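Here the structure is laid out as structure tokens; the discussion comes afterwards.
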Amino acid sequence: MLQVVKTYLKFLLKSTNQHGVHSPFVFELVTKCFYDKKKYTEYNLLKNHRKKLLENKQSIEITDFGAGSKIFKSNLRAINKMAENSGISPKRSRLLFRLVKYFKPSNILELGTHLGLSTVALHLGHADASVVTVEGCENTLNVAKHEFEASFGKGVTFINSDFDTYLKNTDFSYLKENKNHWNLVYFDGNHSKEATERYVEHLLPTVTNQTLWVFDDIHWTKEMEETWENIKKRPEVTVTIDTFQWGIVFFRKEQVKEHFTIRV
Ligand SMILES: C[S@@+](CC[C@H](N)C(=O)[O-])C[C@H]1O[C@@H](n2cnc3c(N)ncnc32)[C@H](O)[C@@H]1O
């Protein structure tokens with residue numbers, strides 16, 4: 001915990017807002033998306049979906065895919081407690097919605113559905129996108145799928161699989177428009193260095209010039225910080241933005257390699 005506080009203080013010292021950002025691409029992103037203060041009607045849908053989960057007192061047996069753990073423990077957990085303690089915060093879900101709305105990615109992949117709070121943000125940001133979300137715990141995924149479909153109908157493909165199995169065994173040539181390419185990947189599960197670097201290897205062949213990747217919890221552990229530094233060094237990666245909770249990665253060849261640290 002102390003480590004995270006120290007890291008956050010370092011982040012605050014280093015970080016900036018739009019001032020001092022000379023890249024027009026990043027300046028526009030910060031001013032028109034990160035700091036967009038409009039009250040989108042979809043924010044109410046995000047809020048209501050969370051409320052429904054927070055009111056659900058049923059319990060489910062979960063399979064714990066803990067970061068770095070090879071032993072999955074079974075646990076009975078109340079859905080409302082799961083919604084309270086894990087998953088994207090209300091503020092981040094609005095930002096995720098705005099990111100999708102801003103870039104309009106046609107094929108979106110989420111690694112780590114949990115109860116689907118972030119999945120809803122990904123869907124609402126661009127309803128025409130095809131969203132695929134992958135979750136290892138079947139019972140958790142079933143709740144996410146049931147609740148999503150009750151509120152929004154179809155639009156998201158829910159996949160019960162370990163991330164590695166899904167990434168190794170899936171032929172991405174079915175993806176619409178940009179065949180074989182994910183335009184946005186949200187990495188939100190199994191925050192270990194080894195696993196994250198494996199996912200990166202698997203997914204690098206699926207990027208285009210327009211792809212963005214969002215990594216959650218880049219400063220949560222020393223390991224994840226190292227992973228983030230390694231991602232930044234990749235030759236395919238050009239612009240990156242560290243928002244403390246998230247690391248956002250772009251592959252735009254027209255940009256010079258540059259790393260930004262921005263408060264959101
Ligand atoms: C932090 S939660 C995701 C939160 C969700 N994206 C949200 O914001 O509401 C991470 C999820 O990833 C799943 N997970 C972790 N490691 C996994 C793995 N190796 N394969 C499949 N699922 C995994 C966990 O079961 C957990 O539900």
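Suppose the filter is among the hydrophobic types (A, V, I, L, M, F, W, C), more than 7 Å from the ligand (Cβ to nearest atom) and at pLDDT below 95; does Ala121 pass it?
Details: among the hydrophobic types (A, V, I, L, M, F, W, C): yes; more than 7 Å from the ligand (Cβ to nearest atom): yes; at pLDDT below 95: no.
For Ala121, the condition - among the hydrophobic types (A, V, I, L, M, F, W, C), more than 7 Å from the ligand (Cβ to nearest atom) and at pLDDT below 95 - is not met.
List the number of the failed condition for Asp64; all other conditions in (1) touching a residue at least 24 places away in the same chain (Cβ under 8 Å); (2) more than 23 Å from Asn183 (Cβ to Cβ); (3) within 16 Å of the ligand (Cβ to nearest atom); (4) buried (at least 16 other Cβ atoms within 10 Å of the Cβ) hold.
In the conditions (1) touching a residue at least 24 places away in the same chain (Cβ under 8 Å); (2) more than 23 Å from Asn183 (Cβ to Cβ); (3) within 16 Å of the ligand (Cβ to nearest atom); (4) buried (at least 16 other Cβ atoms within 10 Å of the Cβ), Asp64 misses (4) alone.
Here are Lys91, Lys101: which of them is surrounded by fewer than 14 Cβ atoms within 10 Å (Cβ to Cβ) and closer than 30 Å to Val30 by Cα?
The conditions single out Lys91.
If you go through the range 75-94, how many residues are within 12 Å of the ligand (Cβ to nearest atom), out of contact with any Ser or Thr (no Cβ under 7 Å at 6 or more places or on another chain) and touching a residue at least 40 places away in the same chain (Cβ under 8 Å)?
3
Going by what's in this entry, would Ile231 be described as in contact (Cβ under 8 Å) with a residue 24 or more places away in the chain, more than 16 Å from the ligand (Cβ to nearest atom) and buried (at least 20 other Cβ atoms within 10 Å of the Cβ)?
Criteria met by Ile231.
It is to be established whether one or more residues within the range 200-215 are out of contact with any Cys (no Cβ under 6 Å at 6 or more places or on another chain), in contact (Cβ under 8 Å) with a residue 12 or more places away in the chain, part of a loop (DSSP other than H, G, I, E, B) and under 25 Å from Leu12 (Cβ atoms). Steps first, please.
Initial filter on the range 200-215 (out of contact with any Cys (no Cβ under 6 Å at 6 or more places or on another chain)): 200-215.
After this cut, where a residue has to be in contact (Cβ under 8 Å) with a residue 12 or more places away in the chain as well, the list is 200, 202-215.
Checking which are part of a loop (DSSP other than H, G, I, E, B) leaves us with 207-211.
Retained after the next criterion (residues that are under 25 Å from Leu12 (Cβ atoms)): none.
Scanning the range 200-215, I find no residue that is out of contact with any Cys (no Cβ under 6 Å at 6 or more places or on another chain), in contact (Cβ under 8 Å) with a residue 12 or more places away in the chain, part of a loop (DSSP other than H, G, I, E, B) and under 25 Å from Leu12 (Cβ atoms), so the answer is no.
Rundown of residues vs (1) under 22 Å from the mean Cα position of the chain (by Cα); (2) modelled with pLDDT of 95 or more, yes/no style:
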{"position": "Lys52", "(1), (2)": "yes, yes"}
{"position": "Ile60", "(1), (2)": "no, yes"}
{"position": "Phe65", "(1), (2)": "yes, no"}
{"position": "Ile71", "(1), (2)": "no, no"}
{"position": "Ser74", "(1), (2)": "no, no"}
{"position": "Ser86", "(1), (2)": "yes, no"}
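Do you know which residues across the range 216-228 are within 16 Å of the ligand (Cβ to nearest atom) and either assigned to a helix (DSSP H, G or I) or under 17 Å from the mean Cα position of the chain (by Cα) (or both)?
Asp216, Asp217, Ile218, His219, Trp220, Glu223, Met224, Thr227 - these are the residues of the range 216-228 that are within 16 Å of the ligand (Cβ to nearest atom) and either assigned to a helix (DSSP H, G or I) or under 17 Å from the mean Cα position of the chain (by Cα) (or both).
The values are calculated or read from the model by the stated rules, or taken from the named source; none is laboratory data. As the structure is a prediction and not an experimental result, all values here were calculated from the model. Please note: Cβ atoms are built from the backbone with ideal geometry, for glycine as well, and neighbour counts cover all protein chains shown.
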